[in-house]
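K.L.:
Handing you this structure, nothing more for now.
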Amino acid sequence: AAAPEPGAIASSAPPGGDPTAAQAGDASAAASAAPAAPSDGCPDGMARVPGGSFVMGPLKVKATVGDLCMDRTEVTAASYAACVKAGKCTDTLANCAKEASTYGVAGKEEQPMVCVDFAQAQAYCAAQGKRLPRDDEWEWAARGGEEARPYPWGGEAPKDQLCWSGGGAVRKTACDVGSFPAGANPQGIQDLAGNVFEWTTSANDGGGKMRVARGGSWRDGIPPLVRTARPGGFEVTYRCGFLGIRCVTEPAAPAAE
């Protein structure tokens, strides 16, 4: 319903009635006309993903995930630059192939931040009061939870729902984040397939020198490489032009009544 026009809320007390009751009625009406506060417990720029249990990945591992707030887009080069300026992130970044670099490159501020190793990705999320996702949390969000989608948008084969080098496209760099809304998951989280791989905290080797990364990238051109259940992996010191960051955090507890 439309909000009342300014000044349209009037006292309901009859002439000569109780002014206290009228004031209470006015306050109640004003409160009901005020915009509702966000109720999902997630910070701006994040979406709430309800938790649940599922069988994860090609190895069919049982996993349980709690409710989660996840960034709606991958971390941009501009956001990372702001973290560097604040003294909370490091700018000692590896040289990427020129065409794939985004940090400090004019016109690429809204592309995903790349050329960050695992420690730099962790530090960025921590500076925002967040963290990197676990592998199971990432897959649960990407597949739409219990919907078990093979791709974040559903069962339709990938074509133009993502930033990749398939479907007739040949790319030399990432795309601006959020450029493919048709590829979002049920909560509106974008670029979970393609654009850049995303670091997780889950190790996929016995020695802890590697971490799982998810989602595929702009370089990939065949559907299996961007499926929600397909994990990738990189050494923790690895930096490249197709590996970036997405953060998560726990939802805030509901306010006491």
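K.L.:
Just the residues that are more than 23 Å from Gly166 (Cα to Cα), in contact with a Gly (Cβ under 8 Å, 6 or more places away or on another chain) and not in a loop (DSSP other than H, G, I, E, B), please, taken from segment 213-251.
P.N.:
Listed by number, the list holds a single entry, Thr249.
K.L.:
While we're looking at this one, here's another question. Check off (1) on the phi < 0 side of the Ramachandran plot; (2) touching a strand residue (DSSP E or B) at 6+ places or on another chain (Cβ under 8 Å) for Asp160 and give me the number that stays unchecked.
P.N.:
(2)
K.L.:
When you go through Arg219, Arg227, Arg239 one by one, which is the residue that is buried (at least 17 other Cβ atoms within 10 Å of the Cβ) and modelled with pLDDT under 95?
P.N.:
None of the other options fit; the residue is Arg239.
K.L.:
While we're here: Can you name the residue in segment 191-207 that is touching a residue at least 12 places away in the same chain (Cβ under 8 Å) and surrounded by fewer than 23 Cβ atoms within 10 Å (Cβ to Cβ) and, of all such residues, is nearest to the chain's Cα centre (by Cα)?
P.N.:
The extreme case among them is Thr201.
K.L.:
Another one. Give the residues of segment 70-112 that are in contact with a Ser or Thr (Cβ under 6 Å, 6 or more places away or on another chain) and of a type outside the set (Gly, Ala, Ser), sorted by residue number.
P.N.:
Those that are in contact with a Ser or Thr (Cβ under 6 Å, 6 or more places away or on another chain) and of a type outside the set (Gly, Ala, Ser): Glu99, Lys108, Glu110, Gln111.
K.L.:
Now, a different point. Just checking, does segment 191-205 include any residue being farther than 21 Å from Met46 by Cβ and in a loop (DSSP other than H, G, I, E, B)?
P.N.:
yes
K.L.:
Another one. Quickly run through segment 244-257 and pick out the residues that are modelled with pLDDT of 95 or more and either among the β-branched types (Val, Ile, Thr) or farther than 18 Å from Phe180 by Cα (or both).
P.N.:
Across segment 244-257, the qualifying residues are Ile245, Cys247, Val248, Thr249, Glu250, Pro251.
K.L.:
Tell me, yes or no, whether segment 170-180 has at least one residue that is assigned to a loop (DSSP other than H, G, I, E, B), within 24 Å of Thr76 (Cα to Cα), without any contact (Cβ under 8 Å) to a residue 60 or more places away in the chain and among the charged types (D, E, K, R).
P.N.:
yes
K.L.:
From the list Cys89, Cys96, Cys83, Cys125, which one is surrounded by 14 or more Cβ atoms within 10 Å (Cβ to Cβ), within 17 Å of Arg214 (Cα to Cα), in contact with a Cys (Cβ under 6 Å, 6 or more places away or on another chain) and among the hydrophobic types (A, V, I, L, M, F, W, C)?
P.N.:
Cys125
The values are calculated or read from the model by the stated rules, or taken from the named source; none is laboratory data. Everything numeric in this text was worked out from a predicted model, so none of it was measured. Methodologically, a virtual Cβ is constructed for each residue, glycine included, from the backbone with ideal geometry; neighbour enumeration extends over all protein chains shown.
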